[in-house]
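The values are calculated or read from the model by the stated rules, or taken from the named source; none is laboratory data. Not measured: the values here are computed from a predicted model. Quick reminder, even Gly has a Cβ in these numbers, built from the backbone with ideal geometry, and neighbours come from all protein chains shown. To get the accessible areas, we keep the full protein, side chains included, count just its heavy atoms, and leave off ligands, DNA and RNA. Shrake-Rupley method; radii C 1.70, N 1.55, O 1.52, S 1.80 Å.
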Amino acid sequence: MQVEVRVFATLRQYLPDLGIGEAKVMDVPEGTTFAQLRDMLGLPADEVKIIMRNGIHVEPDDVVQDGDRIAFIPAVAGG
Amino acid sequence: MTRKILRINMTDLTATYEDIPEKWAKWAGRGLTSAIVFDEVDPTCHPLGPNNKLVIAPGWVSGTPAAPSNGRTSFGGKSPLTGTIKESNSGGLSSQKIAKLGIAAIIIEGQPKDGKWYYLFINKDGVKFEDASDLLGKGMEEVDRIMWERYDHKPAVIGIGPVGEILAANAGISVNDPENNPGRYAGRGGLGAVMGARHVKAIVVDDKGGPGVEIKDMALFKKGRKKLTNAILAHDLTKPGGGLNAYGTDVLMNIINEAGGLPTRNFSSGQFEGAAKISGEMIAEMVEKRKAGMTGHACHPGCVIQCSNIYPGPDGSIIASPIEYETAFALGANCGIDDLDFVAMMTKECNDLGLDTIEMGNTIAVAMDGGLLEFGDKEGALALFDEIRNNTPLGRILANGVEATAQMFGVHRVPTVKGQSMPAYEPRAIKGIGFTYATSTMGADHTSGYTIAPEIAGVGGKVDPMTYEGKADLSLAFQATTAFIDSSGYCLFIAFPILDIAEGFEGMVESVAGVMGWDLKAEDVVELGKEVLKMERLFNERAGFTNLDDRLPEFMRYEPLPPHNVVWDVPDEELDKVYAWVHED
Ligand code: SF4
């Protein structure tokens, strides 16, 4: 199944070929968790603070669904 | 030496240094500006009339040696934009210099009988009232430059641009930064018009030879300072090279967009297809590509977080400083504009003319909604600043903010609470921040209770942004803690590390306790913060505000917000819980 993945801010260094806000379209096996996907992409677990699916927070052990728009996000805030 | 109140009377052009009365002795920063406004300003006065006052106060730790990020100044008065009490908080050079002169607060009252304009020069020897007629009509870039030519020691320059002179409701107060740029603003709520109504164009502060800040318990202060600094340097968000340092506050652009909470095209969508182009990552890329400007800029000496930036143009010349998330949202996404250079050029105009960027961007967006321009018309948007500079009737309307403009253009989608327009988080998609917008004593304001930290960023816990259960308590806890931090002189951004790192929180408390000679516990923070909120709330009640003013605009209840297609569905009783305690204690 296919998903699109975005990474932001300090996590972009691990997927340097992606432009800002650009999605990586990937095929992943059924039953893949977000933690597994994170590891497949080489994103360090301790630097991923938030994971979103279609704009909603998910947990690392939740399972990826076909067509998901996924974002891995480091520590961010501001004002 | 003990701190003094500097009272400046513009009616008879006198300045007096008064002992702090007992009732104000414990306060600084926002606590002090609000206490003084509460005691001395009639809540029913007209904000531009003779009976309003402008109060300026550094925080408890401002100007102390090496306390991190301690240079925030509170500006207070009755707001011409909202009609409520107002505290607007700025970085820049002013806080540390005022504090080092031994001044707890400057109160500016009265109006010159001769109708002339003045600027004030304050140093260790006292206050001089100088003729400002040669500065009238000048933008803040020029005013800052002139003052640094005129005075030695790189003084702080607090000033108003042309829109402050015409007493426009969206006039902010500029403070210069270490490079003498005018970009640090007490922007929100029109306090620049309160300063203008006193015919004060600028206040120049030189702290050379001043007595410095008294620290009652140096050992405790040093212990606290160290713990706080360590927490800031350890937290992923605030450490060197962390999110804020590398990308500035605009690191949020892509994230809030991803969450579907980025107000776009006058609050008609929560997602903007051009978000990446105006994001913090793009600012960093431009700085790198154009080999000019910088990220990781400090808005005042001693900030260890350094979230500010200086944005370069295509030819390497500097356009503006800083480009914040709020700026990029308001002048960018909310106007449908995805060009960072134009966002920067409009920011420069705001900083020079003396406009709050949030209110200004939202004003252009409302005017676009009303048909003045197409969404996305960046040239048209930029040209509107000429209308303001030339003081045309259209320019005057725009300079008075969102509500004035919405009325002129027949727009029903008016994203304001108590007259002040919303910052960069959509309350339909992020409910907790809606509680803060609705109930804050300041009108719609994110900084007054930043629930985004746990709702989106997972800082200080994690809560679901789409639900409203528990959000009244969450918003109150943030509002109270913020009122304390706004009184401390510390930048509010220290909140992120100290919410996650208990030692850092203790460090903040101990450093304040050390300066004041107090026995202060972590649990006192919320109690002191609530004392500040209570004064502000009571002022507003006496000005005529009721629970019915603590509501979000009607359109948010029936217009679903894409992409989540959610409306504001929070029952009014939930909102009324936030301040129920004021009359219960
Ligand atoms: S963190 Fe940013 S806003 Fe706060 S004091 Fe430092 S540079 Fe200024």
Review point. Exactly one of (1) within 13 Å of chain A (Cβ to nearest Cβ); (2) away from the ligand (no atom under 16 Å from the Cβ); (3) closer than 19 Å to B:Ala381 by Cβ is unmet by B:Glu326. Its number?
Key: (2)
Point to revise | Of all residues making up region B:304-323, the number that are away from every other protein chain (no Cβ under 14 Å) and either closer than 18 Å to B:Thr238 by Cα or within 16 Å of the ligand (Cβ to nearest atom) (or both) | key: 5
Revision key, fill the gap. Wholly inside region B:453-526, helices (runs of 4 or more DSSP H) that include 1 or more residues that are within 16 Å of the ligand (Cβ to nearest atom) and within 20 Å of B:Ala438 (Cα to Cα) are B:471-488
Review point. What residue, among those in region B:458-473 that are within 17 Å of B:Arg428 (Cα to Cα) and surrounded by 24 or more Cβ atoms within 10 Å (Cβ to Cβ), is nearest to the other protein chains (Cβ to nearest Cβ)?
Key: B:Pro465
Check your understanding: Residue check, B:Ala246 against (1) away from the ligand (no atom under 16 Å from the Cβ); (2) within 10 Å of chain A (Cβ to nearest Cβ); (3) surrounded by fewer than 24 Cβ atoms within 10 Å (Cβ to Cβ), all met but one. Which one?
Key -> (1)
Check your understanding: Of the residues that sit in region B:263-279 and are more than 7 Å from chain A (Cβ to nearest Cβ) and in contact with a Gly (Cβ under 6 Å, 6 or more places away or on another chain), which one is nearest to A:Phe8 (Cα to Cα)?
Key -> B:Ile278
**Study point:** Of all residues in region B:65-83 being modelled with pLDDT of 95 or more and more than 19 Å from B:Val175 (Cα to Cα), the one that is farthest from the ligand (Cβ to nearest atom)
**Key:** B:Gly83
**Study point:** Selected residue (criterion: nearest to the other protein chains (Cβ to nearest Cβ)) from residues of region B:224-243 that are within 16 Å of the ligand (Cβ to nearest atom) and surrounded by fewer than 21 Cβ atoms within 10 Å (Cβ to Cβ)
**Key:** B:Asp236
Review point. Exactly one of (1) modelled with pLDDT of 95 or more; (2) open to solvent by less than 50 Å² (accessible area, probe 1.4 Å); (3) more than 10 Å from every other protein chain (Cβ to nearest Cβ); (4) not in a helix (DSSP H, G or I) is unmet by B:Phe221. Its number?
Key: (4)
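Quick one: which helices (runs of 4 or more DSSP H) lie wholly within region B:88-166 and hold at least 2 residues that are in contact with a helix residue (DSSP H, G or I) (Cβ under 9 Å, 6 or more places away or on another chain)?
Because the criterion is at least 2 residues that are in contact with a helix residue (DSSP H, G or I) (Cβ under 9 Å, 6 or more places away or on another chain), the helices (runs of 4 or more DSSP H) in region B:88-166 that meet it are B:140-150, B:162-165.
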Exercise for review: Just one of (1) outside any helix (DSSP H, G or I); (2) touching a strand residue (DSSP E or B) at 6+ places or on another chain (Cβ under 6 Å) trips up B:Phe267, so point out which.
Suggested key: (2)
Study note, to complete from the structure: From the option list B:Gly361, B:Gly432, single residue qualifying as modelled with pLDDT of 95 or more, out of contact with any Ser or Thr (no Cβ under 6 Å at 6 or more places or on another chain) and assigned to a helix (DSSP H, G or I) is B:Gly361
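Would you call A:Ile70 within 10 Å of the chain's Cα centre (by Cα), within 12 Å of chain B (Cβ to nearest Cβ) and touching a residue at least 60 places away in the same chain (Cβ under 8 Å)?
In short, yes.
Per-residue answers, yes or no, for (1) under 24 Å from B:Met408 (Cβ atoms); (2) crowded, with 24+ Cβ neighbours inside 10 Å:
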{"residue": "B:Gly313", "(1), (2)": "no, no"}
{"residue": "B:Ile318", "(1), (2)": "no, no"}
{"residue": "B:Phe329", "(1), (2)": "yes, yes"}
{"residue": "B:Ile337", "(1), (2)": "yes, yes"}
{"residue": "B:Ala344", "(1), (2)": "no, yes"}
{"residue": "B:Ile358", "(1), (2)": "yes, yes"}
{"residue": "B:Asn362", "(1), (2)": "yes, yes"}
Practice item. Give the residue that is least open to solvent (accessible area, probe 1.4 Å), with candidates limited to residues of region A:1-21 that are at the interface with chain B (Cβ under 10 Å from one of its Cβ atoms) and in a loop (DSSP other than H, G, I, E, B). Key: A:Phe8
Check your understanding: When you go through (1) under 18 Å from B:Gly159 (Cβ atoms); (2) touching a Cys at 6+ places or on another chain (Cβ under 7 Å) one by one for B:Trp117, which number turns out not to apply?
Key -> (2)
Point to revise | Hey, B:Phe121 in contact with a Leu (Cβ under 6 Å, 6 or more places away or on another chain) and open to solvent by 10 Å² or more (accessible area, probe 1.4 Å) or not | key: no
**Study point:** Number of the exception - B:Gly395 against (1) touching a residue at least 12 places away in the same chain (Cβ under 8 Å); (2) in contact with a helix residue (DSSP H, G or I) (Cβ under 9 Å, 6 or more places away or on another chain); (3) of a type outside the set (Ser, Thr, Tyr)
**Key:** (1)
Exercise for review: Consider B:Glu403 carefully, then state whether it is charged (D, E, K, R) and in contact with a strand residue (DSSP E or B) (Cβ under 8 Å, 6 or more places away or on another chain).
Suggested key: yes
Review point. Considering B:Glu387, B:Glu359, which residue is more than 14 Å from every other protein chain (Cβ to nearest Cβ) and touching a residue at least 40 places away in the same chain (Cβ under 8 Å)?
Key: B:Glu359
Practice item. Could you run through region A:22-53 and say how many residues are facing another protein chain (nearest Cβ under 8 Å), at pLDDT 95 or above and in a loop (DSSP other than H, G, I, E, B)? Key: 1
Check your understanding: For region B:537-559, how many residues meet the condition of being open to solvent by less than 40 Å² (accessible area, probe 1.4 Å) and farther than 28 Å from B:Asp569 by Cβ?
Key -> 3
